[in-house]
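The values are calculated or read from the model by the stated rules, or taken from the named source; none is laboratory data. Just so it is clear, the model here is predicted, and its values are computed rather than measured. As a convention, Cβ positions derive from the backbone with ideal geometry for all residues, glycine included, and neighbour counts pool all protein chains shown. Only protein heavy atoms, including side chains, enter the accessible area calculation; ligands, DNA and RNA are left aside. Shrake-Rupley method; radii C 1.70, N 1.55, O 1.52, S 1.80 Å.
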Amino acid sequence: MRSWEKWLAVDFVDIMLWVVGALLVVRFFRWLANRYSKHILRQFESSDDIVQSEDMKHRRALVEVITWTLVALTVVIAGLHVLGTWVPGSSLVGLSAVVGAALGFGAQRVVQDLLAGFFIIAEHQYGYGDVVNLTVTGGLAAEGTVEDVTLRVTRLRNSEGELIIVPNGQMIKATNLSKDWARAVVDVPVPLDADINEVNAALREVGQAFYEKKEWNRLLLDAPTPLGITKLELESATVRMVARTLPGQQFAIGRALRGDIIAGLASHGIFVTSAQAQGVTRTAAEMAGEPGGGVNLDG
């Protein structure tokens, strides 16, 4: 047989078997990971839980990381075997040393990302479905819902539907807004001449009535309560109201609670200041009845 015929009959067939085998193994690993993720999702949907547990989020992230690692090992092993059909073993050792040194200098950031990703998963910092705020190098912030966590990157989906990809090694600070429980915070500005005791009493009534509503009770861990004055300004004081909620539900609770606060203050005839620069004082009921009007309760 000619040399090229021998190569086609032996080496080429061997290479194709390894390539096809590696692809099948990779597909098998991905199939197992997707099957497990669907199992976790079905388990959550069939339960009475409103949000996924921390253990469930961690298991999904851990399975994804293990799958990614197995896929990378499979590709490396198959690539080395295919490369070995052309390069002698002794030369391959020297080539591996050169490639390793080049990767050591050129892939430092990748290694940093991988190490950071390992500790994110190992320390349960966040997982699938968590709402997080990530501060990255340069002081920039990325906030959204975690859609994917790998050893190298974290993928977030923000409120505008944009997908944000953050390298794990570039994070300076990670704030988990949905770890175990969350807190809805509403700041209510009232004029300085208002009776603070009456304001607090009205807010407590609003919080208790809000807690007894069926659609919101299942999302709350306790009744919303006022904390008192948190800020003093020239013409107003800010009274803060807080509510402990299930993870990730603080935003919906905050929006609904603001509406009830407006109605509750109006029913007690409590005045709030609007357009302070013009010195105009109106009641909450007056502003709530205006087209496009409202009270800015974020302070």
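Annotation note: of Ile262, Ile253, the sole residue that is over 24 Å from Asp130 (Cβ atoms) and in contact (Cβ under 8 Å) with a residue 24 or more places away in the chain is Ile262.
Evaluated against (1) closer than 21 Å to Val153 by Cα; (2) at pLDDT 80 or above; (3) loosely packed, with under 11 Cβ neighbours inside 10 Å, Val26 falls short on exactly one condition, (3).
What are the residues in the stretch 38-64 that are in a helix (DSSP H, G or I) and either among the acidic types (Asp, Glu) or at pLDDT 80 or above (or both), if any? Listed by number, the residues that qualify are Lys38, His39, Glu45, Glu54, Asp55, Val63, Glu64. Going residue by residue through the stretch 161-175, is there one that turns out to be at pLDDT 85 or above and of a type in the set (Asp, Glu)? Taking every residue of the stretch 161-175 in turn, at least one turns out to be at pLDDT 85 or above and of a type in the set (Asp, Glu). Filtering the stretch 186-206 to residues that are of a type outside the set (S, T, N, Q), more than 35 Å from the chain's Cα centre (by Cα) and open to solvent by 50 Å² or more (accessible area, probe 1.4 Å) leaves Leu192, Asp193, Asp195, Glu198. Scanning the stretch 220-256 for residues that are open to solvent by less than 20 Å² (accessible area, probe 1.4 Å) and part of a loop (DSSP other than H, G, I, E, B), we see that the one that is modelled with the highest pLDDT is Pro224. Looking only at residues of the stretch 153-185 that are open to solvent by 90 Å² or more (accessible area, probe 1.4 Å) and not hydroxyl-bearing (Ser, Thr, Tyr), we find that the one that is nearest to the chain's Cα centre (by Cα) is Ile165.
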